[in-house]
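Structure record follows, encoded as structure tokens.
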Amino acid sequence: MEKPQTGDEVVWLKLVKQLSPKHNKLAIIVGNETSKAMTREGVLLLDLNVQLSQALLNIPLAKRPRKVKGALDDLLTGLTFPYVCLIGLEVLFEPSLKVKAVNLLKQLAHDHVILAAWPGDFVRIESGGKLSYSELGHVEYQEYTMMAEDDFTVISYQNLVKDNE
């Protein structure tokens, strides 16, 4: 017997269905409570801080930047769930990995429906928005300006919850 869906689960399912037909099946969810909410939803969580760190542990430091995408593909390919929620994205900002986090998430979303709990900020601007992580000048700082042609979604966790009330 299928368990009844709560209102929160219905909102998540609606979001996932909207992503499925897109080329980039990516939703970046911004907000302080995002990863806690994803845990509560009963969806599959993949903590990149743990999983990616373990996958790269035995790879020499100089070779890790070339192995990040492959390691993540390996982690996602073995999953039997239709979509995954990525938490612990902070590891992607480790300077030695030389990864542009948003670009990597977009690449992963070609083959998988990805919900990503963004650990930074999002500011709406006229032509789209700007995702950032860390403070300007910090070694982990990254910024991504969304353009009209970007085929992914950025959602405030607070708006997602509001839609459910």
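The values are calculated or read from the model by the stated rules, or taken from the named source; none is laboratory data. Here the structure is a predicted model, which means the values were calculated and not measured. Counting neighbours? That spans all protein chains shown, and the Cβs are built from the backbone with ideal geometry, glycine included. For accessibility, only protein heavy atoms count, side chains too; no ligands or nucleic acids. Shrake-Rupley method; radii C 1.70, N 1.55, O 1.52, S 1.80 Å.
Listed values, structure above:
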| quantity | calculated |
| --- | --- |
| Segment LYS63-LYS98, extension gain: residue separation times 0.36 nm, minus the distance between their alpha carbons | 11.5 nm |
| Accessible area in square angstrom per residue, region 58-165, 1.4 angstrom probe | 57 Å² |
| Size of electric dipole in region 43-129: Cβ of Lys, Arg +1 and of Asp, Glu -1, about Cα centre, debye, nearest 20 | 380 debye |
| Extension gain (nm, one decimal) between LYS130 and GLN54, 0.36 nm per residue minus Cα-Cα | 24.3 nm |
| Solvent exposure, largest accessible area first (probe 1.4 Å, DNA, RNA and ligands not counted), of ARG64, ARG124 | ARG124, ARG64 |
| Counted charge near LEU89, where neighbours are those whose Cβ lies closer than 12 Å (Asp, Glu -1; Lys, Arg +1) | -4 |
| Accessible-area value, LYS63, 1.4 Å probe, nucleic acids and ligands omitted, Å² | 100 Å² |
| Too-long pairs where the Cα-Cα distance tops 20 Å, listed order kept, from LYS67/LYS100; LYS63/LYS130; LYS25/LYS67; LYS67/LYS130; LYS25/LYS69 | LYS63/LYS130; LYS25/LYS67; LYS67/LYS130 |
| Accessible surface of region 33-144, 1.4 Å probe, proportion on carbon and sulfur as whole % | 51 percent |
| GLU90, GLU149, reordered so the largest accessible area comes first (probe 1.4 Å) | GLU149, GLU90 |
| Pairwise label distance in nanometres, GLU143 with LEU79, each label 7 Å out on the Cα-Cβ vector | 3.1 nm |
